[in-house]
Amino acid sequence: MRRLFVYLALIGALAWAAPAAARDVHILAFGDSLTAGYGLDPGQGFAPQLEKALRRNGVRAFVVNGGVSGDTAAAARARLGWTLDGLKEKPDLAIVALGANDMLRGLAPRQTRADLDAIVAELKRRKIRVLIAGMIAAPNLGPAYAAEYNPIFADLARKYDAALYPFFLANVAGVPRLALADGMHPNFQGIKVMVTGIVPDVMKALAK
């Protein structure tokens, strides 16, 4: 009888543990055209590809596409509050992938830094874990601009104890076969390379 009681108790414990281990994970991909899936068919953008990749790795993920093409860090900062308030579920993780349009427009890095700082601060205030996807200044902007712009992402990651993926377009930028006809935005295969690169960091951030 005692053995039967122990057996039943063990079965009950496993029944409770299984759903906990397989819980839903909610992620917000908050960015610009690189997260919005610019120029791609439905299902080919960053959010859906990341969701599928995480599920292949055993994470029951739901990734919300919070990308708006053309957004600067300032524009994204302005919409962050209502974006978060409009979500059905509070994110377990927010991937902040912004700053590319600031750089392409040659905006002052100090302003980009201030806007990204405010975004990460608000996410932290709401107790949402953050992974910052960094960007690198284009060579034609010169070394002075790069020296001020490039450190922004690592600096904010340290300041707010956020996870950092140093370069969102790693192994994609400058590779013609991974770009759309405009030569700038990643195609389906380019997004796949981006997702493959960032997935380990997303999983680490979720486990932190």
Just to check your reading of the model, which residue among Ile132, Ile152, Ile191 is touching a strand residue (DSSP E or B) at 6+ places or on another chain (Cβ under 8 Å), β-branched (Val, Ile, Thr) and either surrounded by 16 or more Cβ atoms within 10 Å (Cβ to Cβ) or under 22 Å from Met103 (Cα atoms) (or both)?
Ile132
Condition broken by Leu28, with the remaining ones in (1) touching a Pro at 6+ places or on another chain (Cβ under 9 Å); (2) part of a loop (DSSP other than H, G, I, E, B) satisfied
(2)
Return the residues of region 71-90 that are among the hydrophobic types (A, V, I, L, M, F, W, C) and in contact (Cβ under 8 Å) with a residue 40 or more places away in the chain; say none if nothing qualifies.
Ala73, Ala74, Ala76, Leu80, Leu84, Leu87
Please find, among Leu164, Leu206, the residue that is in a helix (DSSP H, G or I) and in contact (Cβ under 8 Å) with a residue 24 or more places away in the chain.
Leu206
Residue list for region 128-156, filter: under 16 Å from the mean Cα position of the chain (by Cα) and either farther than 19 Å from Phe46 by Cβ or part of a helix (DSSP H, G or I) (or both):
Phe153, Ala154, Leu156
For region 91-145, what are the residues that are in contact (Cβ under 8 Å) with a residue 12 or more places away in the chain and of a type in the set (Gly, Ala, Ser)?
Ala94, Ala97, Gly99, Ala100, Gly106, Ala118, Ala121, Ala133, Gly134, Ala137, Ala138
Unique residue being of a type in the set (A, V, I, L, M), in contact with a helix residue (DSSP H, G or I) (Cβ under 9 Å, 6 or more places away or on another chain), under 23 Å from Pro186 (Cβ atoms) and surrounded by fewer than 18 Cβ atoms within 10 Å (Cβ to Cβ) when the list is Ala94, Ala36, Ala75
Ala75
Within region 157-181, tally of residues that are surrounded by 13 or more Cβ atoms within 10 Å (Cβ to Cβ) and either touching a Gly at 6+ places or on another chain (Cβ under 9 Å) or closer than 21 Å to Gln44 by Cβ (or both):
15
Check Pro48 against each of (1) assigned to a helix (DSSP H, G or I); (2) in contact with a Pro (Cβ under 8 Å, 6 or more places away or on another chain); (3) at pLDDT below 95 and name the one condition it does not meet.
(3)
Here the qualifying pairs (Cβ atoms under 8 Å; residues six or more apart or on different chains; first in region 56-70 and among the basic types (Lys, Arg); second part of a loop (DSSP other than H, G, I, E, B)) come out as Arg60/Ala22; Arg60/Arg23; Arg60/Asp24
In region 97-121, how many residues are surrounded by 15 or more Cβ atoms within 10 Å (Cβ to Cβ), of a type in the set (Gly, Ala, Ser) and outside any helix (DSSP H, G or I)?
2
For region 40-70, name all the residues that are buried (at least 16 other Cβ atoms within 10 Å of the Cβ) and acidic (Asp, Glu).
Glu51
Keeping to region 76-101, report how many residues are touching a Leu at 6+ places or on another chain (Cβ under 9 Å) and on the phi < 0 side of the Ramachandran plot.
17
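The values are calculated or read from the model by the stated rules, or taken from the named source; none is laboratory data. What you see is a predicted model; the values in this text were computed from it and never measured. Positions of Cβ are backbone-derived with ideal geometry, glycine not excepted, and every protein chain shown enters the neighbour counts.
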